[in-house]
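Below: one structure, written as structure tokens.
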Amino acid sequence: DDTHADIPWVDELDDVRRERFRTYGRGIVTTLMAVLDTDEQGSRAELLRSAEGVFRRGGNQREMAELKLAELNVLLERGDPVDLDAIVKLQETVDALRSADLVLECGLLRGKWLVFANRAREAVPILKDVAEKAEACKHRSLNLRALVAWGLAEDRAGNPEGCLRLLRLLRPILDDVLEELPERERPHFLSSPEMQRTFRTFRSLRGPGG
């Protein structure tokens, strides 16, 4: 059965990212093979610690990427200047980690940056892609946030009808997300700048008495 060999993202890797994977994979495999090959308890314990270090470095990279992602999102939402190079570098780190959710979060961040930089037309296909992939993997919260950003991008790109169509999709998704959130977190989520901007846009598109 060759179905498990069909991994689309592997074909999308450039030479630099492919070599990062090789280096990381070799470190893990080489260390674990050495653990199996040695009969000395002291050596085996040392090799296991080394293997744990390789895994830990990968975990730390993810944690650092998550912190950087949160920091850049806060700056962007606050209206503070964010350098596109910082987003590009974060995207490269996340691509190397091959964490599907972080890859989508980075795509969302880049799309929002383009919207705020008055480059909404460029943002539309990026945010559409993020929203569709988040829906496909049933990541409701990310799907909701991507739809919000996509709708705002459509509005800024001069397509209010497209924006309104997307915003009308939000209600059932929002209900699902709120249902999954602990009750104490719901007011914070609804009062976030992202959601407040969505509600304002929706009201303005509906018009008076709409």
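Each reported figure results from applying straightforward, stated rules to the coordinates on display, with no laboratory input. Worth saying up front: this structure is predicted, and the values here are computed from it rather than measured. A quick note on method: Cβ atoms are made from the backbone with ideal geometry, for glycine too, and the neighbour counts reach across all protein chains shown.
A few points about this structure:
- Using a cut-off of 20 Å between Cα atoms, the listed pairs Lys68/Lys112; Lys68/Lys133; Lys89/Lys112; Lys89/Lys133 include Lys68/Lys133; Lys89/Lys133 as exceeding that distance.
- For Arg186, the shell of other residues with beta-carbons less than 11 Å away shows a net charge of -3, using +1 for Lys and Arg and -1 for Asp and Glu.
- Sites Ser191 and Asp85 - FRET efficiency at Förster radius 25 Å, r taken between beta-carbons, to 0.05: 0.20
- Ordering of 177-184, 90-97 by burial proxy (mean other Cβ atoms within 10 Å per residue, highest first): 90-97, 177-184
- Here the Debye sum runs over all C-alpha atoms of region 99-193 as equal scatterers in vacuum, and log10 of I(q)/I(0) at q = 0.22 Å⁻¹ comes out as -1.12.
- Across region 57-193, C-alpha contacts under 8 Å between residues 6 or more apart give a mean separation that, scaled by the residue count, equals a relative contact order of 16 percent.
- Fully extending the segment from Lys138 to Val74 would add 20.6 nm, taking 0.36 nm per residue of separation and subtracting the current Cα-Cα distance.
- Per-pair calculated FRET efficiency, R0 = 30 Å: Glu161 and Arg62 via Cβ, rounded to 0.05: 0.15
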